[in-house]
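The values are calculated or read from the model by the stated rules, or taken from the named source; none is laboratory data. Treat the numbers as computed from the prediction; the structure is a model and nothing was measured. So basically every Cβ, Gly included, is an ideal-geometry build from the backbone, and we count neighbours across all protein chains shown. Just the protein is used for accessible areas: all its heavy atoms, side chains included, with ligands, DNA and RNA removed. Shrake-Rupley method; radii C 1.70, N 1.55, O 1.52, S 1.80 Å.
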Amino acid sequence: MKDKLNAVESANMSISSIAGLGESAQAEGVYTFKCFDKVGGSLLWEQVIDNVVCTLGKNLMLQTTLTGSGYTVVGPYMGLISSVSFTAVAAADTMALHTGWLEAGSTNAPTFAARIAPSFGTAAAGAISTSTPVSYTMTGAGTIEGAFITYGTGAVTTLMSTAGTLLSAGVFTGGAQPVNSGNVVQVTYSLSV
């Protein structure tokens, strides 16, 4: 005896087989920090932290990738987050409005010269990483909560600039890390989708 499917059974089977083909993607980033007592000196501390990939940063990635228009990246530039007035980072943060944190540098301890443009390698297996660490030499003591990356139209190396699009911000889970004048903080970043 031959089995026959009625229209409802056939439709349910089609929906079930299509539902199993889905794939999802989520942008996830990781910052790795190493603090040395001086250039070429002893390791003082090391931290690996996950980060928030901000909504506007995701939107800029999608817009520039999928609209088919020409795009030349401005930046990206990496900065450090100060412990001064720190409460939190959020996916809704922007360069113009991030009420839970302040950028470290000229106004908020610790101090250093400028944001730095990281060099990224070639993307593979859905991920891209900095090819060498970004290296900050501290000119004043303080505590660091984490790091951020800004890019896109208006992004600059100037400390405290609110221009550009905030791609990501990440903070230490165990609290702020101390640095002194002359310490060197090296940061790498990896982003995967």
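Overview of values
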{"quantity": "Förster radius 45 Å - calculated FRET efficiency between THR67 and ALA113 (Cβ-Cβ, nearest 0.05)", "calculated": "0.80"}
{"quantity": "Ranked by how many other beta carbons lie within 10 Å on average, peptides 115-123, 96-104, 52-60, 144-152 from highest", "calculated": "144-152, 52-60, 96-104, 115-123"}
{"quantity": "The range 40-193 - Rg (one decimal) and Dmax (whole number), Cα, Å", "calculated": "15.1, 48"}
{"quantity": "With DNA, RNA and ligands ignored, accessible area of TYR77 (1.4 Å probe; Å², nearest 10)", "calculated": "40"}
{"quantity": "Cα→Cβ-extended label distance, 7 Å offset, between THR87 and THR139, nm", "calculated": "3.1"}
{"quantity": "Fully extended contour minus Cα-Cα distance, from THR173 to ALA123, at 0.36 nm per residue", "calculated": "15.2 nm"}
